[in-house]
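*Asks:* Mind having a look at this structure? Questions to follow.
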Amino acid sequence: MTIEYELESEAGEVFALLTDADFLSDRLVALGEDPPEVAVKKKGKGVEISLRRVKHLDLPAVAAKIVGGEQRFAMTETWQPSEDGWVGEFLIDVIGAPASIAAEMELYPSEAGCIYRITHKPRVKVPLVGKKLEQILMKETEKGCDEAVSYTHLTLPTTLNSCRSRWSPYH
């Protein structure tokens, strides 16, 4: 599933926040997660981010049985400059569960500021219920992404009072 956000801030400002360890930690705590372990390293012209985080979710019974009420995640994210912005990818492993989320990201200028596009690919390796769990994981991923981008939007200098998401019914 691809989610596309249009932010009324320059791509460089957004990129600076998305690769700032303090901002990433503050954002996760503000969104209700336990304080994460965050490491940001420059790698050539790119950036690598490592996160270990804990989130408490109220999942449907079929998912809670497999992953529990407290989810632990290990994430590696990389960004590289592209022709007109940045491209990135991440992999989130759900610790203790046969699940992961891979994503590809793009951040580039637009007339209004910038576009932040994310394509998520959840994977759950459980016979019989794997596809159902992937749907639940996708729904939670989309919700978490929307919250994270909204928090980022509110942190940036802008004249808009809400974040425009191309998948949102309010766009």
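*Asks:* Given 37 °C and 0.692 mPa s, how large is the Stokes-Einstein diffusion coefficient of segment 1-58 in µm²/s, with Rh as the Kirkwood radius over Cα pairs?
*Replies:* On the way: Rh = 13.1 Å.
D = 251 µm²/s.
*Asks:* What are the ³J(HN,Hα) couplings of segment 27-42, residue after residue, when phi is run through the Karplus curve with 6.51, -1.76, 1.60 and θ = phi - 60°? Round to Hz, x for glycine and proline.
*Replies:* So the Karplus estimates, Gly and Pro as x, are 5, 5, 5, 4, 8, x, 8, 5, x, x, 9, 10, 9, 10, 10, 7 Hz.
*Asks:* Applying the Karplus parametrisation 6.51 cos²θ - 1.76 cosθ + 1.60 with θ = phi - 60° to the phi angles of segment 143-149, what ³J(HN,Hα) value in whole Hz is obtained for each residue in order, glycine and proline being reported as x?
*Replies:* 4, x, 5, 4, 5, 5, 5
*Asks:* Tell me which residues come under 5 Å, amide H to amide H, from S9 once H is placed; ignore anything under 5 positions away on its chain.
*Replies:* C114
*Asks:* Still on this structure, I have one more. Taking segment 1-157 as the region of interest, what is the percent of Cα-Cα pairs per 10 angstrom bin, listed from the shortest bin to the one with the maximum distance?
*Replies:* Here the calculated profile for segment 1-157 is 10, 40, 35, 13, 2.
Read-outs throughout are calculated quantities, based only on the coordinates presented, and are distinct from any laboratory measurement. Just so it is clear, the model here is predicted, and its values are computed rather than measured.
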